[in-house]
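For reference, the structure is listed below as structure tokens.
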Amino acid sequence: AIAAKKDKDQPAPAAPAAPAGLGVAVANLNAAVAGSEAFKNAAQQRQTYYKATLDQAEARAKQLDAQLKTLVDKFQADRAAKKPDAVLQQQYQAIQQAEATGKQNVQQILMPVALSEAYVNEQISDKLDAAVQAAMTKKGVNILLQPGAVVARAGTHELTPAIVAELNTLVPNVQFIAPPGWLPREVREQQAAQQAAQQQQAAQPGAAQPAARPAQPVGPQPDGR
């Protein structure tokens, strides 16, 4: 009886503490990919491997700037001199054409670099969902929001560093040189959708064959160095 009374007087044992889950967290997935060691290492390797390409693109961009400056200066001088509108219009069109052609040249030079960037991003992004799920589980997060969806951040947790840590484990390194003929996922999906649509149309009785379309450049469009 005495023992029972002592047990009764003792405070009840505390319930097991729930995991220190935060419930709701915020993460910038693009920043997580860019913050991974695989991404940063590939960026450094790319700068070295494609140095000649990058230098060539930079030289072409400077050449384009000089060309455009000459054309624009001439256009402004002729406009100040009240040259006929037809002459000014022709010069303006020449400026637009030179700019478009020059930018296309730079993009074409940088295409291997752009493909490298897309190839690296795709390899890391393939592991992103697993990294997010692992980080959410370890931190007890049930709902994950992008920063743009958040109005107020009081009581929320920044999960981006945890996702970066998971990416570093899941994909410690990647290949930064795209294989010959490789195309980014969005281009592959677009081509597959077009092929499926063509096959479906061809399977329909009496369907007219679509006219041949001119070939379009594929691959990501680089923004420059």
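The values are calculated or read from the model by the stated rules, or taken from the named source; none is laboratory data. For clarity, every value in this text was computed on a predicted model and none was experimentally measured. Please note: Cβ atoms are built from the backbone with ideal geometry, for glycine as well, and neighbour counts cover all protein chains shown. What goes into the accessible areas is simple: the full protein's heavy atoms, side chains included, and nothing from ligands, DNA or RNA. Shrake-Rupley method; radii C 1.70, N 1.55, O 1.52, S 1.80 Å.
Each residue of segment 23-38 was assigned a 3J(HN,Hα) from its phi angle through the Karplus curve 6.51 cos²θ - 1.76 cosθ + 1.60 (θ = phi - 60°); the sequence is x, 10, 9, 10, 8, 9, 5, 5, 5, 5, 4, 5, x, 6, 5, 4 Hz, with glycine and proline shown as x.
In whole Å, how far is the Cα centre of segment 161-196 from that of segment 61-98? Computed from Cα coordinates, the inter-centre distance equals 43 Å.
Please give the net charge around Q44, taking every other residue with its beta carbon less than 14 angstrom from that of Q44, where Lys and Arg add +1 and Asp and Glu add -1. So the surrounding residues net to +1. Other residues whose C-beta falls under 12 angstrom from the C-beta of L71 contribute a net charge of -2, scoring Lys and Arg +1 and Asp and Glu -1. Evaluating 6.51 cos²θ - 1.76 cosθ + 1.60 at θ = phi - 60° for every residue in segment 65-82, the Karplus couplings come out as 4, 5, 4, 5, 4, 4, 5, 5, 4, 5, 5, 5, 5, 5, 5, 5, 7, 6 Hz, glycine and proline recorded as x. Ligands, DNA and RNA excluded, the heavy atoms of R46 present near 20 Å² of accessible surface to a 1.4 Å solvent probe. Computed with a 1.4 Å probe on the full set of protein chains, the accessible area for L170 sits at about 80 Å². Carbon-plus-sulfur accessible fraction, segment 19-140 (probe radius 1.4 Å, protein heavy atoms only): 53%. Taking other residues whose beta carbon is less than 14 angstrom from the beta carbon of R188, and scoring Lys, Arg as +1 and Asp, Glu as -1, yields -3.
Please arrange Y92, Y49, Y119 by accessible surface area, largest first, computed with a 1.4 Å probe and ligands excluded.
Ranked list, largest accessible area first: Y49, Y92, Y119.
So which of K62/K83; K40/K62; K62/K103 end up more than 19 Å apart by C-alpha? Check vs 19 Å cut-off fails for K62/K83; K40/K62.
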